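All remarks here apply to the structure that follows.
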Amino acid sequence: MRKLAFLCLIFLTVTLVHAQKGSVSKASAYLSKGDLASAKAEIDVAITIEKNAAKSKTWFERARIYQAIATSDDPAVSGLDSESIVKAVEAYEKVMEMDKDSSPNSVLSSTNIDAMWGKFINDGGTVYAEDKYEEAYTKFTEALLVKPEDSLTLLYAGVCAQQAEDYKNTAVHYYKLEKLGYASADVFSTLIYIERAVNTDEEKALEVVKRAQAAYPMESRFGQEEISILINLKKLDQAKDKLIASIEQDPKNINLHLNLAIMYDNIASNLSEDSSKKEEAATTYQLALDEYLKVIELESDNYVANYNAGAIYINQAKEYYDQVRDMDLNSYNKKGPALTKKADEILVKGLPYMEKANSSKEDVDGLRALMQMYKQLKMYDKAEAVLDKVDELEAAAGAE
């Protein structure tokens, strides 16, 4: 009796051991039947057996099973293994390492990798067309698991992330495109935007700009970005030199002249706060005015150039009006009328520019400046008409 029990135990043990041994042929059979859970269980054991692992066929079947899991539209199947894509690709690559390039399994491995990648790309494109950007992004990142350095897939993934306003991942994919040497000018522009507007890192943005300029030396937008960043970083001398050099190469570029004018304007404003630098400030304001006038030559109705040119004339005239205002009676009788006349002459020069600005765009601040000019020049009818317009605009704004 004991002997029989012992024999039964041995038989049971042998049966269990046999059941634990993976069979590649059984895994293939389960795959053919569509039973991927059983196929996966069988191949996972089979691959741990040394004699199986030494055969490319084992790896090929493993790859096919994991590819079927990865590309299944049934969540219950695709959820069998969260790393199914990576495992399928690794298995196919193992086959290509073990076999000759011309062997059937090696050729099929390469073909199947392309097919797997293509499915994820097509699925991503389908949902992208439906404006489902996050879902499309998931599909494209799955495609990247198949081909991590494919430039097209990196671009698609980056675009989807950008559309979904996932700027962190946008940058990840676009920086990899740059590293691989496939970053387009638009990709660089997006990276600059992310560093400036999203990450608020002007220094990092400047680094990207310089690389963009090296890659695309004919793209003027990167030069303008560099100037803008230098201004924000208070590196005004560098920005000024860049602008002047850019204008020499493109003398009819309105934006370059306007940026240089605004820069001079800001520098002059800062200088004017120091009483010991009044003359330097006046000289710099004149440089700004000269650039504004160049902009107006190129684009007569440019609002910013006309308004700021008018404002500079107002400030120049104000210097004399302030002197007159602070005079005692004796000083006024000697110098007041002449200084007032000089101030009026300056104001008359600036009047056409402020008028032009307000004809291009009705703005309360611009209209108020124009009204004060009319009043100072004793053009009261025009000043009253402008005041009526200001009241009308403010009433409309209040009604909203």
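The values are calculated or read from the model by the stated rules, or taken from the named source; none is laboratory data. No experiment lies behind these values; they were computed from the predicted model shown. Neighbour counts run over all protein chains shown; Cβ positions are idealised from the backbone, glycine included. The accessibility values were calculated without ligands, DNA or RNA, using every heavy atom of the protein model including side chains. Shrake-Rupley method; radii C 1.70, N 1.55, O 1.52, S 1.80 Å.
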| said: Along its three principal axes, how long is the range 354-400 when you only count alpha carbons? Whole Å, largest extent first please. | reply: 35, 19, 12
| Normalised contact order of the chain, rounded percent, pairs of Cα under 8 Å and 6 or more residues apart | 6
| request: First select every other residue whose beta carbon is under 15 angstrom from the beta carbon of LEU233; then total the charges, Lys and Arg +1, Asp and Glu -1. | output: -2
| Accessible surface of the chain, 1.4 Å probe, proportion on carbon and sulfur as whole % | 52
| field | Unit charges on C-beta of K, R, D, E only; dipole of the range 313-384, Debye | value | 240
| said: From the mean inverse distance of alpha carbon pairs (Kirkwood) and the Cα radius of gyration, derive Rg over Rh for the range 253-398. | reply: 1.01
| Local electrostatic count at LEU377 - Lys and Arg +1, Asp and Glu -1, tallied over other residues with Cβ under 14 Å | +2
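Provide the per residue accessible area, probe 1.4 Å, for the chain, rounded to a whole number of square angstrom.
57
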| request: Would you mind computing the Rg to Rh ratio of the range 190-267 from its alpha-carbon coordinates, Kirkwood style for Rh? | output: 0.96
| request: Kindly report, to the nearest 10 Å², the accessible surface of ILE254 as traced by a 1.4 Å probe over protein heavy atoms only. | output: 40
| message | What FRET efficiency comes out for SER331 versus GLU248 if R0 is 56 angstrom and r is the Cβ-Cβ distance? Round to the nearest 0.05. | response | 0.75
| said: Translational diffusion coefficient of the range 141-244 at 10 °C, 1.306 mPa s, Stokes-Einstein with Kirkwood Rh over Cα pairs, in µm²/s as a whole number. | reply: 111
| Ellipsoid semi-axes in whole angstrom, largest first, where each is sqrt(5λ) of the Cα gyration tensor of the range 324-371 | 31, 12, 4
| remark: Share (percent) of C-alpha pair distances in the range 272-348 greater than 20 Å works out to 44
| Can you give the convex hull volume of the alpha carbon atoms of the range 82-199 per residue, in Å³? | 110
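At a threshold of 8 angstrom on Cα-Cα distance, excluding pairs fewer than six apart, so keeping six or more, what relative contact order does the range 154-251 reach in percent?
Computed over the range 154-251, the figure is 16 percent.
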| message | Give the average over all directions of the projected area of the C-alpha convex hull of the chain, one decimal, in nm². | response | 36.0
| task | Once you have a ≥ b ≥ c as the square roots of the Cα gyration tensor eigenvalues for the range 236-303, tell me rounded if a/c is under 1.5, and otherwise prolate or oblate according to whether a/b is larger than b/c. | result | oblate
| In whole percent, what relative contact order does the range 26-165 give with Cα contacts below 8 Å and a gap of six or more residues? | 15
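In debye, nearest 20: dipole of the range 174-283 around its Cα centre with unit charges on the Cβ of K, R (+) and D, E (-)? Please report the intermediate quantities before stating the final value.
Numbers: 14 positive and 19 negative charges, 57 e Å.
Here the range 174-283 has a charge dipole of around 280 debye.
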| Theoretical FRET efficiency, 1/(1+(r/R0)^6), r = Cβ-Cβ of SER82 and ASP186, R0 30 Å, to 0.05 | 0.35
| request: Taking the chain as the reference, fit the longest principal axis to its C-alpha atoms, fit the long axis of helix 84-98 to the helix C-alpha atoms, and give the angle between the two in degrees, 0 to 90, nearest 10. | output: 70
| said: With the cut-off at 31 Å, tell me which of the pairs LYS40/LYS100; LYS87/LYS168; LYS204/LYS277; LYS132/LYS234 have Cα atoms farther apart than that. | reply: LYS204/LYS277; LYS132/LYS234
